[in-house]
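*Asks:* Sharing a structure here in structure tokens format.
Throughout, read-outs are computed from the coordinates displayed, never taken from laboratory work. Everything quoted here is computed from the prediction, not taken from an experiment. Virtual Cβ from ideal backbone geometry, glycine too; neighbours counted across all protein chains shown.
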Amino acid sequence: MTFSNLAHSTGNAFADFLLEHQSQNGTNLTEGFIQSFTQDSAQRRYYQRYQIGEPYFQDDWKVTSRLTVNLGLRISLFGTYSEKYKNAWNWEASRFNSSRFAVDRVYGVLLDKTAGSAPVSFDPTTFQLNPGIVSDLGLVRCGFNGTPASCMKGHLFNPAPRVGFAWDPIGDGKTSIRGGYGIFFEHGTGNEANTGSLEASAPFVLSMTQPLPTNYACIGNIGYGANNSDCASPLSPFTPVPQAGSTFPLDITSIPTKAVWPYAQQWSFGIQRELSKSFVANIAYVGSRGTHLTVERQLNQSRPLPASQNPFGPNEPLTIADCTVTPPNQSGFPGDGTTGFLLQSGTLVTPQSPAYEYLQAACTNPNIPNINSLPGRPYPGLGRVLSLQNVANSSYHGFQGTLRRTSGPLTAGISYTYSHSIDDASDRSDPVLVNSYDLRENRASSNFDQRHLLNISYVYQLPLQDLARRLSDWAHGPAPGGDVPAPQDATVSTSKCCSAVLNQILDGWEFSGVTLAQSGTPFTVINSAGNTGISLTDNAGVSSGLGIAASYPDVVTGSRSPGSNPLSFGPLIGNPSQFVAPRGLTFGNAGRNFLNNPGRVNFDMALLRHFKIRESGELEFRAEAFNVFNHTQFRIYDPDNPGSSGNNVVSCYAGPSYSAGFQGAGADCVTGASFLHPLNAHRPRTIQLGLKLAF
């Protein structure tokens, strides 16, 4: 169940849950705040199968004494995924009968126009739909009636050549110029554009969402009970309650009907030079490009409202007050006839306006028809159409430089990378694809992009034994009769020092460490401020229902940060004042991955000693410390757990500019808020000791 954050509720989803629970235990609360209820009809086991073979051929050709060329060819022979028992069903748009289905505007149930717009029902014992309904919904069973077992036509032969070279331009063995290029095909995991993504999908598993039920008594029980008024909709209490077992619009999953395998092209060019006997330097350019990467799109969202038809002006947000509708009556629905949505600007949006349907979708509440019934959805009668497609692309360009020195007991290295990774989607289910019809609009820095990476590493063999000898020499002083002559070998002591046991203890200690400095990873600022009455989550009114983000805020330049405050958890990291409520019926212009997490500087160190135990045994002692200086390294957004953080979600707009950083009379969007405050921090100082015995 989900609970509403809109104005017809308390404004707090958890409070709505508690109130709804109270209302089922004897209180007089009559209005329910349940936004939706979703349930799957069953759980099944699936057995995915595929076969691949990848022979590889390579030849190294020494063209001259100073030039070597490498030639290679990998042939990726990719079989398609299939379900062993043919329990996978795919959805094909060409087979969907759009003229047969509709959705009840009040209760949101699926209607069959060929049966007089009666509700579509399913067998309550088997949870199966009528086969005729299944075929007209566009569902096709893989492996039957001419459809391949994989639901797609395969593409077996995928050649992937590689070429590389190494050249000594001077011939002194101290300089090497290297380069290479290769193509690499990827078969994909079982959650990408293959039958693995069709698990738990219709019609074997029905996943239905019942929208806006008035209370618990109505969930899954439409048509049951002696008093159907318990399930009467506030939209129209005069509409007959649908019969028991009515079907709601199904969420459908779709994969391509022809295999298109993702692949990457990688290339590099570098120069390595020995500067002296102990110094080696290397500089390189590295690039890659990903093609046909998997992304999940929602094909049943409405297309965005053209800017020329938008009744909201620049910097004019959509507010709860704009969603006010007239009370329902027997003759029609809110806004029908000559009335409509009266915006705060004074504009009247009537049913004849192109923006009317988008306002209905954005302002979803019990007094507005169900969004699945709105005429602008491409596939009426369906819920979400989740389409896995290999259509995304990525690119990476990086400059790499390293310097390494090995001299006596010290080995040290420094490496630096300046790079930029850009893509349309960093993952199959990237949570911020707000407009499924324009993938280019989603192109931005990758979720894992780090512009600057600096690493310093070192290993030092501690000369503790020599130090003890030198201290002993100093303590004993010069011999009688004159100064002690300096030995020719500085490592040779002029006095006897230290027992064999002490020598064993002092000798062989090793100190090492890694220092890291890096840029923070990007994250997206999400507009979801419906509980303030200013702006709504589905601000564009397209009813996507896909991912975490449905819209972004708008961005203004030149705004000052409000600063931190003692009543919030952690410091304010970033400037919330640069974000304002988005223009009504738009996605907002902040875009994907607009901000970055704070950069990071970290020190790890270790102390190591090997103790020889007779001839066949060795004892290793390790003392390791991570984040030695216990430097707090905050993070606003956790890229490894994108659904856990609300610190990138705008929760408040206020003031004359509808700013996310407003602090003033009557409103404070900063104090106590989570937006742009720390979600957590990287690991604190951690010290661990270890002993390992090898024998």
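*Asks:* Counting Lys and Arg as +1 and Asp and Glu as -1, what is the net charge of the other residues whose Cβ lies under 11 Å from the Cβ of ASN442?
*Replies:* -1
*Asks:* Extending each Cα 7 Å along its Cβ direction at LEU567 and LYS113, get the distance between those two points in nm, one decimal.
*Replies:* 5.6
*Asks:* Among PRO562, GLY661, PRO684, whose Cα lies farthest out toward the positive end of the dipole of region 559-695, if unit charges sit on the beta carbon of Lys, Arg (+1) and Asp, Glu (-1)?
*Replies:* PRO684
*Asks:* Mind scanning LYS84/LYS153; LYS113/LYS153; LYS86/LYS258; LYS62/LYS174; LYS86/LYS113 and naming the pairs with a C-alpha gap bigger than 26 Å?
*Replies:* With Cα atoms farther than 26 Å apart: LYS113/LYS153; LYS86/LYS113.
*Asks:* Of the options SER288, SER302, GLY313, report the single residue whose Cα projects farthest towards the positive end of the charge dipole of region 262-322 (beta-carbon charges: Lys, Arg +1; Asp, Glu -1).
*Replies:* Final value for the positive-end residue is SER288.
*Asks:* Okay, moving on. Quick check: net charge around GLY584, other residues with Cβ under 13 Å of its Cβ, Lys/Arg +1 and Asp/Glu -1?
*Replies:* Details: positive: ARG583; negative: GLU316, ASP322, ASP538, ASP554.
That sum, taken over residues with Cβ under 13 Å, equals -3.
*Asks:* If R₀ is 25 angstrom, what is the calculated FRET efficiency for the pair VAL556 and HIS452, using the beta carbon separation as r and rounding to 0.05?
*Replies:* It comes to 0.35.
*Asks:* Separation between the GLN58 and ARG303 pseudo-spin-labels, each 7 Å from Cα along Cα→Cβ, expressed in nm?
*Replies:* The two pseudo-label positions are separated by 5.0 nm.
*Asks:* Moving on. Below 9 angstrom from the Cβ of HIS420, what's the summed charge of the other residues (Lys, Arg +1; Asp, Glu -1)?
*Replies:* 0
*Asks:* Taking the beta-carbon count within 10 Å as an exposure proxy, list LEU206, LEU71 from fewest neighbours to most.
*Replies:* Neighbour counts put them in this order, fewest first: LEU71, LEU206.
*Asks:* What is the spin-label model distance, in nm, from LEU71 to THR632 if the labels are put 7 Å beyond Cα along the C-beta direction?
*Replies:* The answer from the label model is 6.2 nm.
*Asks:* With θ taken as phi - 60° and the coefficients 6.51, -1.76 and 1.60, list the Karplus ³J(HN,Hα) couplings across region 108-122 in order, rounded to whole Hz; mark glycine and proline as x.
*Replies:* x, 7, 7, 10, 10, 5, 6, 10, x, 6, 7, x, 6, 10, 10
*Asks:* Whose amide H sits under 5 Å from the amide H of GLN35, counting only residues 5 or more places off or on another chain, with H placed in the peptide plane?
*Replies:* Under 5 Å from the amide H of GLN35 lie the amide H atoms of THR2, PHE3, SER4, each far enough along the sequence or on another chain.
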